[in-house]
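Participant: Can you read through this structure? Questions will come right after.
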Amino acid sequence: MIDTTLAVAGLSARSGVELAQRSGMRAIALDLFGDQDTQHAAQRCMPIGEPSALRIDGARFLAALSSALKQPDVGC
């Protein structure tokens with residue numbers, strides 16, 4: 001396991017989180033949907049918008065990213 005946690009953001013961050021996991025890294029998902037598969041694969045899942053609008057909210061994204069970057073060993 002690589003001693004780094006990757007912050008992965010997107011409408012659906014699941015594939016990025018799963019790729020990080022297969023590469024031996026932990027991942028925090030900054031995700032619009034936060035479905036169970038993403039929550040299971042990620043170390044932590046943070047909402048960044050309203051799923052019904054299919055749109056990332058800039059303020060929520062920046063708040064989630066700021067929070068993620070305060071965690072130990074997080075890189076983007």
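The values are calculated or read from the model by the stated rules, or taken from the named source; none is laboratory data. Since we're looking at a predicted model, the values are computed, not measured. Positions of Cβ are generated from backbone atoms using ideal geometry, with glycine treated the same way; all protein chains shown enter the neighbour counts. What goes into the accessible areas is simple: the full protein's heavy atoms, side chains included, and nothing from ligands, DNA or RNA. Shrake-Rupley method; radii C 1.70, N 1.55, O 1.52, S 1.80 Å.
Participant: Could you report the chain's accessible area per residue, 1.4 Å probe, as an integer in Å²?
Facilitator: It amounts to 60 Å² per residue over the chain.
Participant: While we're on this one: List the residues whose amide H sits under 5 Å from the amide H of M46, counting only those 5 or more places along or on another chain, with H placed 1.01 Å from N in the peptide plane.
Facilitator: A29, L30, D31
Participant: Name the trypsin sites (Lys or Arg not before Pro) in the chain that are in a loop by DSSP and that have at most 14 other C-beta atoms within 10 Å, would you?
Facilitator: When the trypsin sites (Lys or Arg not before Pro) of the chain are filtered for loop state and at most 14 Cβ neighbours within 10 Å, K70 remain.
Participant: Using modelled amide H (1.01 Å from N, peptide plane; none on Pro or chain starts), what sits under 5 Å from the amide H of S12, excluding residues fewer than 5 places away?
Facilitator: For S12, whose amide H was placed from the backbone, the distant partners under 5 Å are L32.
Participant: What do you get for Rg/Rh of the range 7-76 when both radii come from the Cα atoms and Rh is the Kirkwood radius?
Facilitator: Answer for the range 7-76: 0.95.
Participant: How large is ³J(HN,Hα) for each residue in the range 49-64, as worked out from phi by the Karplus curve 6.51 cos²θ - 1.76 cosθ + 1.60 (θ = phi - 60°), to whole Hz, x for Gly and Pro?
Facilitator: Karplus-based 3J(HN,Hα) across the range 49-64 equals x, 9, x, 5, 8, 6, 9, 7, 8, x, 5, 5, 4, 4, 5, 5 Hz.
Participant: For the chain, give the magnitude of the charge dipole about the Cα centre (Cβ charges: +1 Lys/Arg, -1 Asp/Glu; no others), in debye to the nearest 20.
Facilitator: Charge dipole, the chain, about its Cα centre: 100 debye, nearest 20.
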